[in-house]
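A short write-up of the structure that comes next.
The values are calculated or read from the model by the stated rules, or taken from the named source; none is laboratory data. What you are looking at is a predicted structure, and each value in this text was computed from that prediction instead of being measured. Note that we place each Cβ from the backbone using ideal geometry, even for glycine, and neighbour counts take in every protein chain shown. Surface accessibility is based on the protein's heavy atoms, side chains included, excluding ligands, DNA and RNA. Shrake-Rupley method; radii C 1.70, N 1.55, O 1.52, S 1.80 Å.
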Amino acid sequence: MRIIIAGGHGKIALRLAARLREGAVGLVRNPAHVADVEATGAQAVVCDLETASVEQVADVLRGADAVVFAAGAGPGSGAARKDTVDRGASVLMADAAERAGVRRFIQISSMGAGKPPAPGGDEVWAAYIAAKTAAEDDLRRRDDLAWTILRPGRLTDEPGTGLVRLAPEVPPGAVPRDDVAAVIMALLDNPGTAHRTYELVSGDTPVIDLVATNE
């Protein structure tokens, strides 16, 4: 498979690229990040999703089997970039996927999306959740994409266990980024999970078994 990963230098994206190796193409904004992506065995393409056009991104996507949207404004960014990256770049990628004829689209969202942020909370966190929710809503309106939305819980850098809890709604919890990458791989291999939204935390069921039962 040829999988395009938006946000190719992110911690989940690099773990996914290491699993896919030559089957992955990581999109990065900063040319200095190319070497890190290539060190996984994947290809890197410099593409700034805040300035690129739909046609420019579609040119990169043509011939791909799937898109994984793992981009995010990242820690330290303000509310404005939560909208331009976590929402705007997702919409751009979805538009480009439709134009390029790439149907499979995995969206990395966040637990908390789909619900209004708690009043009186952090303004940037509220903007992040609002952006993720809007990106999800945009995908659900697209009949031409076989989308799956994945909402991980609190992300950690602990070694993955391969044991998770995956369902439309799960209790709040944490999950290693290694296991998020493993779940994405399983989702890519299981097209029956299209048009579904899953929450993900650590659990006691092997990834492959759990994704297969959610088809």
Stretched fully, the stretch from GLU169 through ARG154 gains (0.36 nm per residue minus C-alpha distance, one decimal, in nm) 3.9 nm
For percent of Cα pairs over 31 Å apart, with candidates (1) 28; (2) 12; (3) 56, the value calculated from the shown model is option (2)
Contour minus Cα-Cα span, LYS11 to ASN190, at 0.36 nm per residue, comes to 62.1 nm
The chain accessible area per residue, 1.4 Å probe, protein heavy atoms, integer Å², reads 44 Å²
For ARG142 and ILE208, extending 7 Å from Cα along the Cα-Cβ vector and measuring point to point gives, in nm, a value of 3.0 nm
Taking protein heavy atoms only, a 1.4 Å probe, and rounding to whole percent, the accessible area of segment 65-149 owed to carbon and sulfur comes out at 52 percent
Against the 2.2 N^0.38 Å rule of thumb, the C-alpha Rg of segment 2-109 sits at a ratio of 0.96
Stretched fully, the stretch from ALA35 through ALA79 gains (0.36 nm per residue minus C-alpha distance, one decimal, in nm) 12.9 nm
So, relative contact order of segment 113-186 in percent, Cα under 8 Å, 6 or more apart, is 24 percent
In debye to the nearest 20, the charge dipole size for segment 1-96, taken about the Cα centre with +1 at each Lys and Arg Cβ and -1 at each Asp and Glu Cβ, equals 340 debye
With -39,500 (n - 2.57) per DSSP H segment of 4 or more residues and division by the full residue count of the chain, the 222 nm estimate, nearest 500 deg cm²/dmol, is -9500 deg cm²/dmol
Put THR84, THR51 in order of accessible area, largest first, probe 1.4 Å, and you get THR51, THR84
Ranking TRP125, TRP147 from most to least accessible area with a 1.4 Å probe gives TRP125, TRP147
